[in-house]
Amino acid sequence: MQTKHFLFQAMSLACLLGLSTTGHAHFGTIVPSDDIISQEDPKKLEIAVKFIHPMEGHFMNMAKPKQFGVLQDGKKTDLLSTLTETKGKAPDQDQTFTAWETAYAITRPGDYTFYVEPVPYWEPAEDSFIVHYTKVCINALGLEKGWDEPVGLETEIIPLTRPYGLWTGNLFTGQVLVKGKPAAGAEVEVEYLNESPGNPSIVAPPSDPFVTQVVKADANGVFSYAMPRAGWWGFAALSEADWKLKQDGVEKGVEIGAVYWVHTIDMK
């Protein structure tokens, strides 16, 4: 246990020092209190919106998003004004970082896709901006309709596997779109949300490549990944934007990410 704790702290320190490695990936995050609302459950969701390193459990400051909303039955609803600022940190972080949260009342059956477009985040270690267009889908009251509908974001993952009711070990398949078209050969980073709700034990990866899994989409932008542990899993398909932003008067590149979150549970 002590060895695992030391390993986790060492990984976290490397992340904070900004070491260049594929093992420390940024993820936009939308995590609801549940991914399925049944007839017996309370019809209200608590939703956390963050910018984090999921496996390491570290936060980055997140400015109030540019847009936050929900797609339900083909209609988008603006929820930006409902967001409340909150603070968070990992157990071994000294600083607190800004995140956001809200509550949403379920009013009708169907699939609800929550989405966020953040303000561009400047990452000095990568000498570029990061914009992660993030989505999560929850099912309400037994009507399975709408989970594969696109939101219309600049880049997004369209689930080809129903994104809820997933057992641990299920294969999740999605299609990466950029400006509505398949992103051939897109690189997709996959990370587990360490200390996921219901799974409080920390996963200590034995070496850096285990932190972030990487898969490549095919010519149609389609990728798959089998999730080996119960909890929340994030998929981030990364592309380079065809537009730039200025930092200190100099034009810099922009990494755009299509991020999708799904939840798995163990079969008992």
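If THR107 passes every condition in (1) farther than 17 Å from ALA258 by Cα; (2) in contact (Cβ under 8 Å) with a residue 24 or more places away in the chain; (3) surrounded by 14 or more Cβ atoms within 10 Å (Cβ to Cβ) but one, which one does it miss?
Failing condition for THR107: (3).
Go through the residues of the stretch 89-102 one by one and say whether even a single one is more than 17 Å from the chain's Cα centre (by Cα), of a type outside the set (D, E, K, R), at pLDDT 95 or above and not in a loop (DSSP other than H, G, I, E, B).
no
Given PRO163, PRO206, which one is under 18 Å from the mean Cα position of the chain (by Cα) and part of a loop (DSSP other than H, G, I, E, B)?
Answer to the selection: PRO163.
Just to be sure before I move on: is GLU56 assigned to a loop (DSSP other than H, G, I, E, B) and charged (D, E, K, R) in the structure I sent?
Taking the combined requirement at face value, the residue satisfies it.
Rundown of residues vs (1) touching a residue at least 60 places away in the same chain (Cβ under 8 Å); (2) under 18 Å from the mean Cα position of the chain (by Cα); (3) over 27 Å from GLY69 (Cα atoms); (4) surrounded by 14 or more Cβ atoms within 10 Å (Cβ to Cβ), yes/no style:
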residue: GLU189; (1), (2), (3), (4): yes, yes, no, yes
residue: ASN194; (1), (2), (3), (4): yes, yes, no, yes
residue: GLY249; (1), (2), (3), (4): no, no, yes, no
residue: MET267; (1), (2), (3), (4): yes, no, yes, no
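State all residues of the stretch 73-88 that are polar (S, T, N, Q) and not in a strand (DSSP E or B); if no residue qualifies, say none.
Those that are polar (S, T, N, Q) and not in a strand (DSSP E or B): SER81, THR82.
Filter the stretch 27-61 down to the residues that are more than 28 Å from ILE130 (Cβ to Cβ) and basic (Lys, Arg), then identify the one that is modelled with the lowest pLDDT.
LYS43
Among VAL203, VAL136, VAL131, which is touching a residue at least 24 places away in the same chain (Cβ under 8 Å), crowded, with 16+ Cβ neighbours inside 10 Å and in contact with a His (Cβ under 9 Å, 6 or more places away or on another chain)?
So the residue among VAL203, VAL136, VAL131 that is touching a residue at least 24 places away in the same chain (Cβ under 8 Å), crowded, with 16+ Cβ neighbours inside 10 Å and in contact with a His (Cβ under 9 Å, 6 or more places away or on another chain) is VAL136.
The values are calculated or read from the model by the stated rules, or taken from the named source; none is laboratory data. Since the structure is predicted, the reported quantities are computational estimates derived from the model, not experimental observations. All Cβ positions, glycine included, derive from the backbone under ideal geometry; neighbour counts span all protein chains shown.
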